[in-house]
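**Q** One structure is given below, represented as structure tokens, and several questions about it will come after.
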Amino acid sequence: MAPFTRHLFICTNERPADHPRGSCAPAGGEALQKAFKKALADRGLNRAVRANKSGCLDQCEHGSVVVVYPDAVWYGQVTPADVDEIVGSHLEQGRPVERLRLPDSCVNASTCPHKPRR
Ligand SMILES: [Zn+2]
């Protein structure tokens, strides 16, 4: 069987409710991972694409966060309602969902308009 061609990492990290950075689990990370698994199976993509739960991706202010590799496309504020669009457009047709993408200035940056100063 061919190896997986893509992996989705869906953050399910949980911080205390009063943590200033927030976290992805209260934003729905677990439900999101289940929704991706189901959508991949429904479309017969589950042999090519794997949807993994992830620990913290350090993008807590943009939760729930999903990253797609090898594309290195980051999505933020993803909800289960967005799953079909990501699977259909990005994973089936190769067109990332631009409206949900995290800009480069947010990813791998210690500050951005959404993060508290550290
Ligand atoms: Zn940001």
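Quick note: the coordinates plus some simple rules give every number you see, no bench work behind them. In this text the structure is predicted, and so the values were computed from the model without any measurement. Using ideal geometry, Cβ is built from the backbone for each residue, glycine included, and neighbour counts are taken over all protein chains shown.
**Q** Hey, which aspartates and glutamates would be in cross-link range of K115, C-alpha to C-alpha under 20 Å, not counting anything within fewer than 8 residues on its own chain?
**A** E14, D18, D58, E61, D104
**Q** From the C-alpha coordinates alone, can you work out the Kirkwood hydrodynamic radius of the chain, in Å?
**A** Averaging 1/r across every pair of different Cα atoms and inverting gives 14.4 Å.
**Q** Now for a separate question. Can you give me the Rg/Rh ratio for segment 28-97, using Cα atoms for both radii and the Kirkwood formula for Rh?
**A** Across segment 28-97, the Cα-based Rg/Rh ratio is 0.92.
**Q** Of all the Cα-Cα pairs you can form in segment 63-103, what percent are over 11 Å apart?
**A** 60
**Q** Identify unpaired cysteines across the chain, taking unpaired to mean no other cysteine Cβ lies under 4.7 Å from the residue's Cβ.
**A** Those would be C56, C60, since no other cysteine Cβ in the chain comes under 4.7 Å of theirs.
**Q** Moving on. Using only DSSP helix segments of four residues or longer, with each worth -39500 (n - 2.57), what per-residue ellipticity at 222 nm results for the chain after dividing by its residue count and rounding to 500?
**A** -4000 deg cm²/dmol
**Q** Okay, moving on. Per residue of segment 58-74, in order, report the coupling 6.51 cos²θ - 1.76 cosθ + 1.60 (Karplus, θ = phi - 60°) as ³J(HN,Hα) in whole Hz, putting x for Gly and Pro.
**A** 6, 10, 4, 6, 10, x, 6, 9, 10, 10, 10, 10, x, 5, 6, 9, 9
**Q** Highest first, please rank the peptides 80-86, 95-101 by the mean number of other Cβ atoms sitting within 10 Å of their residues.
**A** 80-86, 95-101
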